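> Can you read through this structure? Questions will come right after.
The values are calculated or read from the model by the stated rules, or taken from the named source; none is laboratory data. Given the structure is predicted, the values throughout are model-derived calculations rather than measurements. Positions of Cβ are backbone-derived with ideal geometry, glycine not excepted, and every protein chain shown enters the neighbour counts.
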Amino acid sequence: MKWKNSTVTIEDVAREAGVSLSTVSRVLNNKPDVSEATKTRIRQVMERIGYSGHRFASNLAGGLSRTIALFLPISESGIRQLILDFVLGASKSAESYDFLINLSTNAMTEIEIHNTIQNSQIDGAILMRTKISDARIDVLQNIGLPFVMIGRCKDTAGLWYVDLDFQRSIEIALEHFLELGHTHIGFITYGKGLWEEGYTYVRLTNGAFKEVCKKSGISGFMVSSEGNAQAIREATERILTEAPETTAILTVYGEFVPSIELALMKHGMRIPSDISIIAITEDKTAHQMSPPLTSVTFPSEKMGALAAKILIERILLKSAYDISPKQVLINPVLVNRKSTTRLLVK
């Protein structure tokens, strides 16, 4: 293969040297756990095919680009207000430090992440929509690029993140229902596809609901649903049909509560006199609903801003690679509005 006058990537180096992408990355970043023979072979290949090295390494040597990547894979259902708030907060925070955000919305492969970083002037990254086992983390660690997660994975040792305390979110929602006398509670949660893909927030939320119901003696009925109006109506119908004793519903889809209400109206039921509703959602959505939603809310825009702040300060402080990682769990707050009421004993 002729390499002259072509753009050579880290993938080309790995293929020519007969090693993995991560091994090439570790050689580029002078990691100690690669044999000298392998290092020599990889460097010889780089020289032969004209690989100039990734730009992150050169940025560290010659200054900062003042640009950070935000990796946000977007599903077919689009972007929810919650996600927009995270991005807006991160963007405002970055701007206050005179940094720009490079938003990437594709679900990129390991090779694509390598090439994006190689071909872009990026000083660090924010990872969103994290999974229990997230391949992007290994890629960024091997490259040596500073990053912060909005979310978590299973093993957070040595990692930097800002996330919501999902366990507490479920606890305070169900505690409020219990205080109002509700013990038969339906839960409209994320779609099965998100569970199967291993998104951490889905696993933590669903696990917490089951755990709290068991500890509190609540009869819980959980229904997975896609985030669209028809699916939410169908999920509500399923609760009313299969668990007719239900007097309260908890949902992660605050923006689709009108769809829940439509399903209830078909059964002659209203919010909150017949069914109390709590949504785990950002405050903006909860406040705008009619009736205004009792919600478990958290400062999504501030979370995005904090993640960007932590990342940029990590980039700017040369000693940041040697200090303990910052791991921030945001405490949710229950805001009591007009979609919940005390259960009337009939």
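> Give me a count of the residues in the stretch 19-36 that are out of contact with any helix residue (DSSP H, G or I) (no Cβ under 8 Å at 6 or more places or on another chain) and modelled with pLDDT of 80 or more.
So the count comes out to 2.
> Take the stretch 231-252 and flag every residue that is without any contact (Cβ under 8 Å) to a residue 40 or more places away in the chain and acidic (D, E).
E234, E237, E242
> Quick one: in the stretch 253-278, which of the residues that are aliphatic (A, V, I, L, M) and in contact (Cβ under 8 Å) with a residue 40 or more places away in the chain is surrounded by the most Cβ atoms within 10 Å (Cβ to Cβ)?
This residue is I278.
> Please find, among I278, I271, the residue that is assigned to a loop (DSSP other than H, G, I, E, B) and either among the polar types (S, T, N, Q) or closer than 23 Å to I218 by Cβ (or both).
Matching residue, one of I278, I271: I271.
> Based on what the data block shows, is F86 assigned to a helix (DSSP H, G or I), aromatic (F, W, Y) and at pLDDT 80 or above?
Against the criterion (assigned to a helix (DSSP H, G or I), aromatic (F, W, Y) and at pLDDT 80 or above), F86 qualifies.
> Which of the residues that make up the stretch 176-193 are in contact (Cβ under 8 Å) with a residue 60 or more places away in the chain and not polar (S, T, N, Q)?
H176, F177, L180, G181, H182, H184, I185, G186, F187, I188, Y190
> For the subset of the stretch 279-295 comprising residues that are touching a residue at least 60 places away in the same chain (Cβ under 8 Å), hydroxyl-bearing (S, T, Y) and in contact with a strand residue (DSSP E or B) (Cβ under 7 Å, 6 or more places away or on another chain), which member is nearest to R337 (Cα to Cα)?
T294
> I'd like to check something: does the stretch 151-169 contain any residue that is touching a helix residue (DSSP H, G or I) at 6+ places or on another chain (Cβ under 8 Å) and more than 24 Å from G198 (Cβ to Cβ)?
no
Here's the yes/no breakdown for (1) surrounded by fewer than 22 Cβ atoms within 10 Å (Cβ to Cβ); (2) free of Cβ contacts under 8 Å to residues at least 40 places away in the same chain; (3) on the phi > 0 side of the Ramachandran plot; (4) in the same structural domain as Y201 (by TED's automatic domain parsing):
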| position | (1), (2), (3), (4) |
| --- | --- |
| E95 | yes, yes, no, no |
| N102 | yes, yes, no, no |
| A107 | yes, yes, no, no |
| E110 | yes, no, no, no |
| T130 | no, no, no, no |
| I137 | yes, yes, no, no |
| N142 | yes, no, no, no |
| M149 | no, no, no, no |
